[in-house]
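Step one of this worksheet: look at the structure below.
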Amino acid sequence: MVRDASIIELASWLQTAPGQCLLRWEQRQIDTAVADVFGYHALQLGLPQLHALRANRMPHRWVATDSLLLPEPTEAIAPLGDGLDSLPTDAAVALHCDFDALPFPNQSLDLVVLPHALELSRDPHLTLREVERVLMPEGRVMILGFNPASMWGLRQRLGHARSAAGMASRGPLYLPRSGEFLGYWRLRDWLRLLSFEVEGGRFGCFRPPYRSARWLDRSAWMEAVGERWWPVFGAAYFLVAVKRVRGMRLVGLVRHEARAARAAPAVVANRQRRQPEEICE
């Protein structure tokens, strides 16, 4: 279950200049990635401010949230009606559910997108196991998260240290206070344990942790430089993994077949009568 206070704090932070910078980068990554994913059922867990499924062409799409604070219906999010047949195919259905108890049967979804859902989850590993349960074999999961090994993450840790030392009442935190930021490599290990195969990953938002939109725009040139020279130190990461189901292969089976015993070589008697020898007188 995602805590409502954490969602409110994250939604407020997304209205700031760094939050808008992050949303723009994430929207570009997700639009490119979901455009070529085919199937019938897609699900977005959390962060309705990001229209993760707008570029996807699956007929059935859901945007799940655990908070009562849903945005007003837009072109990307439609209210939940009496039945799925009455909904337009180009809209996503908004629903309420616990992220660690999804209301979908086993192996029923083709795509699941988690924009910062694991970071604010009560049990991120249980949420990831639930995603593995509802995904079909060869289904894809796409995860967006904050990178703690970045300049933004470093400033966040310094703010927590100052707050713990009593140097500030709340601490000059740069990122949302609530939530546990999962490292990129730690998340890859979790996915491998759940039989996922990581298809690719990318980092972004290499700009310094400025609060001003003006300075963030001035440092836009660092995106290309950071992606080339220090690609794993971006403030956010985007990861794509595929669910693999290993098939069972029986090796060394002995096929019990009735094998006919080889017949012994038959001895053929020479039945030709010998002519009596002439008696010489």
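Could you go through the stretch 229-246 in sequence order and give the Karplus-derived ³J(HN,Hα) for each residue, using 6.51 cos²θ - 1.76 cosθ + 1.60 with θ = phi - 60°, rounded to whole Hz, and x for Gly and Pro?
Listing the rounded values in order: 9, 9, x, 9, 10, x, 6, 9, 10, 10, 10, 10, 9, 10, 7, 10, 10, 6 Hz.
In the stretch 128-233, with Lys and Arg counted as +1 and Asp and Glu as -1 at Cβ, which of these residues, VAL225, ILE143, LEU194, has the Cα nearest the positive end of the dipole, that is, farthest along it?
The one lying farthest along the dipole's positive direction is VAL225.
Each residue of the stretch 213-227 in order: what ³J(HN,Hα) in whole Hz does its phi give by Karplus 6.51 cos²θ - 1.76 cosθ + 1.60, θ = phi - 60°, with x for Gly and Pro?
Once θ is set to phi - 60°, the couplings for the stretch 213-227 become 5, 5, 6, 5, 5, 5, 9, 5, 5, 6, 5, 5, 5, x, 5 Hz.
Taking amide H atoms as placed 1.01 Å from N in the peptide plane, list the residues 5 or more away in sequence, or in a different chain, whose amide H sits under 5 Å from that of ARG61.
Correct list: ALA42, VAL93.
Could you state the accessible area per residue of the stretch 90-243 in Å², with a 1.4 Å probe and every protein chain left in place?
On a per-residue basis, 46 Å².
When only the heavy atoms of the protein chains count and the probe is 1.4 Å, how do ARG129, ARG162 rank by accessible area, highest first?
Numbers: ARG129 125, ARG162 95 Å².
Most to least solvent-accessible, the answer reads ARG129, ARG162.
The stretch 201-242: which trypsin sites (Lys or Arg not before Pro) are DSSP loop and have at most 15 other beta-carbon atoms within 10 angstrom?
Taking the stretch 201-242 and a limit of 15 other Cβ atoms within 10 Å, the loop trypsin sites (Lys or Arg not before Pro) found are ARG211.
Show me, for the stretch 19-28, the HN-Hα J-couplings you get by feeding each phi into the Karplus relation (A = 6.51, B = -1.76, C = 1.60, θ = phi - 60°), rounded to Hz, glycine and proline as x.
Each residue's phi maps through the Karplus curve to give x, 5, 4, 5, 4, 5, 5, 5, 5, 5 Hz.
Could you put THR127, THR32 in order of accessible surface area, largest first, with the 1.4 Å probe and the full protein assembly present?
From most accessible down to least: THR32, THR127.
Tell me the Rg and the Dmax, in Å, that the Cα atoms of the stretch 1-58 produce.
Values for the stretch 1-58 (Cα only, Rg and Dmax): 13.0, 36 Å.
Taking amide H positions as placed in the peptide plane 1.01 Å from N, state which residues far from ASN147 in sequence (5 or more) or on other chains have amide H under 5 Å from it.
Correct list: ALA236, TYR237.
Please go through the stretch 129-237 and write out the GluC sites (Glu not before Pro) that DSSP classes as loop and that have at most 12 other C-beta atoms within 10 Å.
Filter output for the stretch 129-237: GLU180.
The values are calculated or read from the model by the stated rules, or taken from the named source; none is laboratory data. As the structure is a prediction and not an experimental result, all values here were calculated from the model. In this analysis, Cβ positions are derived from the backbone assuming ideal geometry, glycine residues included, and neighbour counts consider all displayed protein chains. Heads up: the accessible areas ignore ligands, DNA and RNA and are worked out on the full protein's heavy atoms, side chains in. Shrake-Rupley method; radii C 1.70, N 1.55, O 1.52, S 1.80 Å.
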